[in-house]
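The values are calculated or read from the model by the stated rules, or taken from the named source; none is laboratory data. Bear in mind the structure is a predicted one, so any value in this text is a computation, not a measurement. Neighbour counts run over all protein chains shown; Cβ positions are idealised from the backbone, glycine included. The area values use the complete protein model at the heavy-atom level, side chains included, leaving out ligands, DNA and RNA. Shrake-Rupley method; radii C 1.70, N 1.55, O 1.52, S 1.80 Å.
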Amino acid sequence: MRMMRVKTYEEMSALAASMIGAQVILKPDCVLGLATGSSPIGTYKKLVESCEKGLLDFSGVRTVNLDEYCGLSGDNPNSYRYFMNDNLFDHVNIDKANTHVPNGFAEDLEAEAARYEAFIESLGGVDLQLLGIGHNGHIGFNEPTDHFPATVHTVALTESTINANARLFERREDVPTQAITMGIGTIMKADKILLIAGADKKEIVEKAFYGPVTPEVPASVLQLHRNVTVILCEN
């Protein structure tokens, strides 16, 4: 594991974008695992800038997102499909048909989870997985529990996660209470993992990467991965 500490969000975003960009250059048809939330917005902005300058070519890239809210269609501004289009896909030369987000609007969520897991495997797995981390240590929407979920699954969101996400919705009661997410096992199959965390996540990062491996801190399992880079913004 590499722990990289930077002073500003701008530095973190630039460094993360350079690592993702290097993956795209190294393997133009790579599979990128992508994340949502406030942490990667700056990273995506830097990737868009590089593409606009002709430094990156996303035409052969395929993407799979970590998660999606249940009950929101892709055209809902609070959905993660909308987030990805708005922050990245609409602004780079990627084929939208090669961008994939779990369908949280599916009638049969268990079947959708199985389909998405099989689909990731059909791509040959993820070359580089971008992650954020929740204040409770969740990665994707894998909340603290008594076990590490192996595959894509639906999950009931904890009160702390609902409260953290409420700022993005008009009303707290509008926040979905369920999500569909890659499992811990799915994430751990990625060849490389890049986790970015803002200054407000310093305490949970220390707990996850320097404490015991436990499903009560889901991100702690990343200690067991063969190729993890953590970029922590300290200010």
Checklist line | Karplus-derived HN-Hα couplings along the stretch 135-145 (A = 6.51, B = -1.76, C = 1.60, θ = phi - 60°), whole Hz, x at Gly and Pro | finding: 4, 9, x, 6, 10, x, 10, 7, 7, x, 7
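If r is the Cβ-Cβ distance from residue 226 to residue 41 and R0 is 22 Å, what FRET efficiency results, to the nearest 0.05? Walk me through the numbers on the way to the answer.
Working: r = 28 Å, r/R0 = 1.29.
The pair residue 226/residue 41 has a calculated efficiency of 0.20.
Classify the chain as rounded, prolate or oblate, taking a ≥ b ≥ c as the square roots of the eigenvalues of its Cα gyration tensor: rounded when a/c is under 1.5, otherwise prolate if a/b is larger than b/c and oblate if not. Could the numbers behind the result be given before it?
On the way: a/c = 1.29, a/b = 1.07, b/c = 1.20.
Judged from the Cα gyration tensor, the chain comes out rounded (a/c under 1.5).
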Notebook entry, point to check: Dipole of the chain (Lys/Arg Cβ +1, Asp/Glu Cβ -1, origin at the Cα centre): which of 44, 149, 26 lies farthest to the positive side?
Noted result: 26
Check: If you plug each phi of the stretch 95-102 into the Karplus form 6.51 cos²θ - 1.76 cosθ + 1.60 with θ = phi - 60°, what whole-Hz ³J(HN,Hα) values come out, in order, with x for Gly and Pro?
Finding: 7, 4, 5, 9, 10, 9, 9, x
Notebook entry, point to check: So which chymotrypsin sites (Phe, Trp or Tyr not before Pro) in the stretch 113-214 are both in a DSSP loop and have at most 16 other Cβ atoms within 10 Å of their Cβ?
Noted result: 169
Note to self: Filter the chain for me: DSSP H helices, axial length by Cα at least 18 angstrom, mean Kyte-Doolittle hydropathy not below 0.0. List them by residue number.
What the structure shows: 9-26
Check: In nm, to one decimal, how far is the residue 5 label point from the residue 178 one, both placed 7 Å along Cα→Cβ?
Finding: 4.3
Item checked: Environment charge at residue 119 (Cβ cut-off 12 Å; Lys +1, Arg +1, Asp -1, Glu -1) -> -1
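Please work out how much length the chain gains when fully extended from residue 202 to residue 52, using 0.36 nm per residue of separation minus the C-alpha to C-alpha distance, in nm with one decimal. Show your work: numbers first, answer last.
Numbers: separation 150, 0.36 × 150 = 54.00 nm, distance 3.29 nm.
Using 0.36 nm per residue and subtracting the Cα-Cα distance, I get 50.7 nm.
State the antiparallel share, in %, of DSSP beta bridges confined to the chain, rounding to the nearest 5.
Bridges in the chain that DSSP calls antiparallel: roughly 30 percent.
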Note to self: For residue 178, what residues show an amide H to amide H distance below 5 Å, using hydrogens built from the backbone and excluding near sequence neighbours?
What the structure shows: 70, 157
Next item on the list: Give the cross-link partners of residue 53 among the lysines, using a straight C-alpha distance below 30 Å as the criterion and excluding same-chain residues fewer than 8 apart.
Entry: 7, 27, 45, 96, 192
Check: Ignoring ligands, DNA and RNA, what accessible area per residue does the stretch 144-215 give at 1.4 Å, in Å²?
Finding: 50
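Looking at the stretch 154-235, which trypsin sites (Lys or Arg not before Pro) are in a loop (DSSP not H, G, I, E or B) and have at most 11 other Cβ atoms within 10 Å? It would help to have the intermediate numbers written out before the result.
Numbers: sites: 167, 171, 172, 189, 192, 201, 202, 207, 226; in loops: 171, 189, 226.
Qualifying residues, ordered by number: 171, 226.
Counting pairs of alpha carbon atoms under 8 Å apart in space and at least six apart in sequence, what relative contact order in percent does the stretch 117-191 give? Working shown, then result.
Values: 98 pairs, mean separation 29.9, N = 75.
Computed value for the stretch 117-191: 40 percent relative contact order.
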Notebook entry, point to check: 222 nm [θ] for the chain, helices only, -39500 (n - 2.57) per DSSP H run of 4+, per residue, to 500?
Noted result: -9000 deg cm²/dmol
Note to self: For residue 56, what residues show an amide H to amide H distance below 5 Å, using hydrogens built from the backbone and excluding near sequence neighbours?
What the structure shows: 51
Item checked: Under the Karplus curve 6.51 cos²θ - 1.76 cosθ + 1.60, θ = phi - 60°, whole-Hz ³J(HN,Hα) for the stretch 60-68, x wherever Gly or Pro sits -> x, 6, 10, 10, 9, 8, 5, 7, 7
Note to self: 7 Å from Cα along Cα→Cβ at both residue 151 and residue 110: what's the point-to-point distance in nm?
What the structure shows: 1.2
Note to self: Which trypsin sites (Lys or Arg not before Pro) in the stretch 4-58 sit in a loop by DSSP (not H, G, I, E or B) and have at most 14 other Cβ atoms within 10 Å of their own Cβ?
What the structure shows: 7, 53
Notebook entry, point to check: Expressed as a rounded percentage, what relative contact order does the chain have, with Cα pairs under 8 Å and six or more residues apart?
Noted result: 26
Next item on the list: Collect residues whose amide H, placed 1.01 Å from N in the peptide plane, falls under 5 Å from the amide H of residue 142; neighbours closer than 5 in sequence don't count.
Entry: none
